[in-house]
Amino acid sequence: MVLGAFYYGYVPMPMPGAWLAGKYGGKLVIGAGVFWTSLFTALIPWAAGVSVGLLVTLRILDGIGQGLAAAANYVILSKWTVPSERTTMISISVGGVTLGLVVSNCLSGWICSSYTIGGWPTSFYTYSILGVIWLIVWVTLIYETPNEDPCISKKEVEYINRGVTQSHRNQKNVPWRAILMSPPVWAIVISDTMFEFAWNLVLLEIPMYLSTIFECDVLTAGGLMSAPLGARFITCLMTAVAADYIIQREYLSILKTRKLFAIIDLGVSAACFFIMSYVGHSIVASVVLLIISFSALGFNTSSVDTNPADISPNYAGIIAGLMMSISSCTGFIVPIITGLLLEKHNTFKEWSVLFQLTAGIELFGLVFYLIYAKGEEQEWSKTEAIEETENLVIKE
């Protein structure tokens, strides 16, 4: 309940966060979100000593702050990236999540096992302080658009402005019906939800798998978890550059590139979980398969995660918000399913069923994406369509 509480706050917030970022700027929304979550992270140890109810409440509030900032990322990046460099920019940014997990798994394992520096409460204080330091840098150095940045060259401003097709107007008349009825949008949402199921299984449940099946202590489990996360971070960066290179050289279209990377992303990962259901009683085999699986999942940032900006530069934040809100539900669905499957015996046999279920879920997301995904901007997103909608509203 405590682990899943974060997502009760997170799930509803990416879409409002994207809308607020479109209206007031991504810099403000991301900065406010990080300040909010840094504040409540620092209060977690105190809340844990008072009551479970207060701890759950703070976890929900923490989720609200991170949910607000999540999709706003797409809004500000869309103002700074030209289409031929979009995959690399978004992947570097999204890859930061994985890098943070690599560091935190190692660092938290060490902090929690060291009573000299205060044990587990110190980990929460550490990340809260790092969040405030990051916020100072963000407020000082980051600008909403290239035109506002005093350090950027005129030549670079012109280059970015020529490539960015987005109007960046206040999003007063978002075509909600068109977005919610668009098959390419749902291809993104559903495939990312299946990705998030596998992602949250590893993040939330695999540490328990390592501790119960292989009797690993918290420090060892944290170190083992860092290996697949580190592999994914490297893959994120490499595939981002590769995707943009393929698109720039016109070896493949945007759509074919996204689909090819989606096949590697969900297809290879599903195969690893399926194999793991048979050989996962070996810790070496389990860790190797997790590394391969997470390396494959690194292709997600260059396929599904970048696709919102392909089909709608104007409303990439809104689509990403919808994607994040729905896919993040797996944050509390995965623990429930895991609990139901493992509550009787918690043996490898029950875990193997969970791994096979995960493989099937990933394959479903892949097939849906291959059928309905698109790579070009949709009609309802184009500036002309937006202007016609605004004129219609004015006339009415």
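Just so it is clear, none of the values below were taken in a lab; they were calculated from the coordinates. This one's a predicted model, so the numbers in the text were calculated from it and none came from an experiment. Quick reminder, even Gly has a Cβ in these numbers, built from the backbone with ideal geometry, and neighbours come from all protein chains shown.
In region 216-307, if every C-alpha pair distance is counted and binned at 5 Å from zero, what percent goes to each bin?
Taking every Cα pair in region 216-307, the percentages come to 3, 15, 21, 21, 15, 11, 7, 4, 2, 1.
Return the sequence-ordered ³J(HN,Hα) values of region 285-298 in whole Hz as given by the Karplus equation 6.51 cos²θ - 1.76 cosθ + 1.60 applied to θ = phi - 60°, using x for Gly and Pro.
For region 285-298, the Karplus-derived couplings read 4, 4, 5, 4, 5, 5, 5, 5, 4, 6, 4, 5, 5, x Hz, x marking Gly and Pro.
Hey, what did the chain get for relative contact order, percent, Cα under 8 Å, at least 6 apart? Walk me through the numbers on the way to the answer.
On the way: 631 pairs, mean separation 102.0, N = 396.
Reported as a whole number, the value is 26 percent.
Could you check which residue among SER303, SER328, SER114 shows the biggest mean-square fluctuation in a GNM of the chain with a 10 Å Cα cutoff?
Checking each option, the largest mean-square fluctuation is seen for SER114.
Could I have the simple spin-label model distance between ILE152 and LYS349, label points 7 Å from Cα toward Cβ, reported in nm to one decimal?
Result: 6.1 nm between the two label points.
So if I place +1 on the C-beta of Lys and Arg and -1 on the C-beta of Asp and Glu, and nothing else carries charge, what would the dipole magnitude of region 81-182 be about its Cα centre? I want it in debye, nearest 20.
That gives a dipole near 360 debye.
By count of other Cβ within 10 Å, fewest leading, how are HIS281, HIS345 ordered? Intermediate results must be reported in sequence, preceding the final value.
On the way: HIS281 15, HIS345 9.
By the 10 Å Cβ count, ascending: HIS345, HIS281.
Would you mind calculating the relative contact order of region 21-88 from Cα pairs under 8 angstrom and at least 6 residues apart, reporting the percent as a whole number?
Details: 60 pairs, mean separation 30.4, N = 68.
Once divided by the residue count of region 21-88, the mean separation gives 45 percent.
Suppose R0 equals 41 Å. What FRET efficiency, 1/(1 + (r/R0)^6) with r the Cβ-Cβ distance, do VAL279 and TRP138 give to the nearest 0.05?
That pair, VAL279 with TRP138, gives E of 0.35.
Could you give the angle, 0 to 90 degrees to the nearest 10, between helix 330-342's Cα long axis and the longest principal axis of the Cα atoms of the chain?
Taking the Cα atoms of the chain, the angle to 330-342 is about 30 degrees.
When every alpha-carbon pair in the chain is counted, what percent end up more than 39 Å apart?
It works out to 17 percent of all Cα pairs.
Let me check against my output: what whole-number percent is the relative contact order of region 1-125, with C-alpha pairs under 8 Å and at least 6 apart? Don't skip to the answer; put the middle values down first.
Values: 154 pairs, mean separation 39.2, N = 125.
Reported relative contact order: 31 percent.
In what order do SER327, SER113 fall by count of nearby beta-carbon atoms within 10 Å, going from fewest to most?
Values: SER327 25, SER113 14.
Ascending Cβ contact count within 10 Å gives the list SER113, SER327.
Helix 383-395 versus the longest principal axis of the chain: what angle, 0 to 90°, nearest 10, using Cα atoms?
70
Can you give the calculated 222 nm mean residue ellipticity of the chain, where each DSSP H run of n ≥ 4 adds -39,500 (n - 2.57) and the sum is split over every residue, rounded to the nearest 500 deg cm²/dmol?
-24500 deg cm²/dmol
What order do you get for 219-230, 239-250 when each peptide is scored by the mean count of other beta carbon atoms within 10 Å, highest first?
Top of the packing list down: 219-230, 239-250.
From the alpha carbon gyration tensor of region 38-98, can you work out the equivalent ellipsoid semi-axes (sqrt of 5 times each eigenvalue) and give them in Å, largest to smallest? Could the numbers behind the result be given before it?
Numbers: eigenvalues 243, 21, 11 Å².
The answer is 35, 10, 7 Å, longest axis first.
At a 10 Å Cβ-Cβ cut-off, how would you order ARG177, ARG258, fewest neighbours first?
Final ranking by Cβ density, sparse to dense: ARG177, ARG258.
Could you give the distance between the Cα centres of region 301-379 and region 51-95, to the whole Å?
So the two Cα centres are separated by 17 Å.
If you average 1/r over every pair of different alpha-carbon atoms in region 232-285 and take one over that average, what Kirkwood value in Å do you get?
For region 232-285, the Kirkwood estimate is 12.9 Å.
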